[in-house]
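Let me begin by presenting the structure, written as structure tokens, before commenting on it.
The values are calculated or read from the model by the stated rules, or taken from the named source; none is laboratory data. What you are looking at is a predicted structure, and each value in this text was computed from that prediction instead of being measured. Cβ placement follows ideal geometry from the backbone for every residue including glycine, while neighbour counts extend to all protein chains displayed. Calculation scope for accessible area: heavy atoms of the full protein, side chains included, ligands and nucleic acids excluded. Shrake-Rupley method; radii C 1.70, N 1.55, O 1.52, S 1.80 Å.
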Amino acid sequence: MKKGFGMTLAMLLTAALALSACGSNNSGGNGGNNGGSNTPGNNESSSPDNSGGGSKVTLSFWTLFSGGDGDNMQKLIDEFNKSHPDIQVKNTKLEWGEYYTKLITAVGNGNGPDIGISHTSRLPDLINQGVVTELDDVAETAGVDWGTYNENLLSATAVDGKHYAVPIDTHPFIMYYNKKLLRDAGLLGDDGKPVLEQSADGFIAFLDTLKQKLPAKVTPFALSNSNDDPFRLWWSLYHQLGGNDVISDDLSSASLDADKGAKASEYIQNIYAKGYIKKNDPDFYKNFQSGTAAIMMTGVWATGTWEATKELEFGAMPIPKIFDQEATWGDSHTLILPVTKSEDPEKRKAAITFADWIAENGQVWAKAGHIPSKPSVFDKQEYKDMPYRGDYASVADTVKFSKPSTKNWSIRDNALFKYLNEVWASKMTPADAMVKMQDAIQKTLSE
């Protein structure tokens, strides 16, 4: 990929990179904790002034977290600073809507941080603009063992066989269910899990029973009618069918499997058409949160919100295996080492030591719902003591990431969202939508 960096290109990326951190949600229901920040301005958090043998390395760390994510990250930073007196990390919180633009600009001016946050989906842009550095040499120096990470998450952060980021989680698309409503419909087992056949017909039968058995005011399946979450469901089902990425391996041409794409979209269109999903739902998050929706699908960032909701008896699980194999949409938060003026080897070693430590202590980061990137965290008692997380931890292995193209976000907005929305509204047939999507993907790649 191109490593040169220029301010002109950086500014051209402003609009694209100021989009949502984990993918915006039109309902506004993501609660601000899905990797974004609603904190105005820049707030630098102070670190303990610990003393220790040897010289102290001070690291600047730019983050984009607010709410529960922001609190949990600060707890991790404080604990790291206490346990590593010779390395002190200072946290600067930025607004997520401006984070990527400010990061690119700062690095271009030689004023970037020692450590930053990147979503896996944003890495191709940052690599292409020469914002992030390769990590393998410094990882070897610091004794970082890549084998301790989930291979699926780690491989998504590598380009051309080189590691560019340390993944600390994945936040995939999962299913939540209201236990009371499922119990009323006779669809909750003695184990507290849904009575649901894992198949295309089984899921439709499940939704149909919910619609028949529950009051008319109850929505069987809470989902928005456009953009992010129905796209995430389509992406999941498309890959459950064995669909390849919509971009070719060499990142130069459209590679949509039209038959599988049409089958996945037709299945979802049918769910809308049969009324299992409320039309024009102004806020499907509130629908589920208020106890008037039996199930919903969205990212794991909602777990913390549901836990804080009084009298909401809920469960969480991977989305059903509707087709041939388990697969779902997802993204990851990662830690990166941006390009700096000095490229100080001691700072770089300290920075990746910190990043690896954050991943190793993923039980704290998991409080917001994220799945830790190191499987060893699942064995920690603190993680085991948290409800729900273990019920979907396995999803880390089945997340289907996009290929590392700088055009992914444009393709999502201008091809996938655009024509899939027409399918959900029954304004276009799935087959016609695939033709339009293929053309739009190719046009974007050719620009």
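Only one residue in Met317, Met297 is touching a residue at least 12 places away in the same chain (Cβ under 8 Å), assigned to a strand (DSSP E or B) and surrounded by fewer than 21 Cβ atoms within 10 Å (Cβ to Cβ), so which one is that?
Just a single option satisfies the conditions, and that option is Met317.
So that you can scan it fast, the table gives a plain yes or no per residue for (1) of a type outside the set (Ser, Thr, Tyr); (2) out of contact with any helix residue (DSSP H, G or I) (no Cβ under 7 Å at 6 or more places or on another chain); (3) open to solvent by less than 50 Å² (accessible area, probe 1.4 Å):
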residue	(1), (2), (3)
Trp96	yes, yes, no
Thr101	no, no, yes
Gly112	yes, no, yes
Ile127	yes, yes, yes
Thr170	no, no, yes
Lys180	yes, yes, no
Asp191	yes, yes, no
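Looking for something open to solvent by less than 10 Å² (accessible area, probe 1.4 Å) and polar (S, T, N, Q) - is there at least one such residue anywhere in the stretch 334-352? Yes, some residue in the stretch 334-352 is open to solvent by less than 10 Å² (accessible area, probe 1.4 Å) and polar (S, T, N, Q). Within the stretch 380-396, residues that are in contact (Cβ under 8 Å) with a residue 24 or more places away in the chain sit with their Cβ atoms under 8 Å from residues that are hydroxyl-bearing (Ser, Thr, Tyr), at 6+ positions apart or across chains, in these pairs: Tyr388/Thr303; Arg389/Thr303; Arg389/Tyr383; Val395/Thr170; Val395/Thr328; Ala396/Thr170; Ala396/Ser373.
For the stretch 76-97, which residues satisfy the criterion of being part of a helix (DSSP H, G or I) and either under 14 Å from Ala355 (Cβ atoms) or small (Gly, Ala, Ser) (or both)?
Applying the first criterion (part of a helix (DSSP H, G or I)) to the stretch 76-97 yields 76-83, 96-97.
Residues satisfying the conditions are Leu76, Ile77, Phe80, Ser83, Gly97.
Taking the condition more than 24 Å from Pro372 (Cβ to Cβ) and at pLDDT 95 or above, does Asp145 pass?
Against the criterion (more than 24 Å from Pro372 (Cβ to Cβ) and at pLDDT 95 or above), Asp145 does not qualify.
Please go through the stretch 261-282 and pick out each residue that is over 22 Å from Met437 (Cα atoms) and open to solvent by 30 Å² or more (accessible area, probe 1.4 Å).
Lys274, Gly275, Lys278, Lys279, Asn280, Pro282
Residues that are at pLDDT 95 or above, part of a loop (DSSP other than H, G, I, E, B) and among the acidic types (Asp, Glu) within the stretch 150-190 comprise just one, Asp190. Looking at Ala254, is it modelled with pLDDT of 95 or more and either over 29 Å from Gln289 (Cα atoms) or in contact with a Gly (Cβ under 7 Å, 6 or more places away or on another chain) (or both)? Spelling it out, Ala254 is indeed modelled with pLDDT of 95 or more and either over 29 Å from Gln289 (Cα atoms) or in contact with a Gly (Cβ under 7 Å, 6 or more places away or on another chain) (or both). Going by the conditions given, is Thr141 surrounded by fewer than 21 Cβ atoms within 10 Å (Cβ to Cβ), in a helix (DSSP H, G or I) and polar (S, T, N, Q)? Answer is yes for this residue.
Contact map, the stretch 197-209: residues that are under 14 Å from Leu182 (Cβ atoms) paired with residues that are open to solvent by less than 20 Å² (accessible area, probe 1.4 Å) and of a type in the set (Ser, Thr, Tyr), Cβ distance under 6 Å, separation 6+ or inter-chain. Pairs shown: Leu207/Tyr276. Scanning the stretch 283-294 for residues that are among the charged types (D, E, K, R) and open to solvent by less than 40 Å² (accessible area, probe 1.4 Å) yields a total of 1. For the stretch 353-382, a residue qualifies if it is open to solvent by 10 Å² or more (accessible area, probe 1.4 Å), outside any helix (DSSP H, G or I) and polar (S, T, N, Q), and exactly one does: Asn361.
What do you reckon, is Ser121 out of contact with any strand residue (DSSP E or B) (no Cβ under 8 Å at 6 or more places or on another chain), open to solvent by 10 Å² or more (accessible area, probe 1.4 Å) and among the small types (Gly, Ala, Ser)? Judged against the criteria, Ser121 is not a match.
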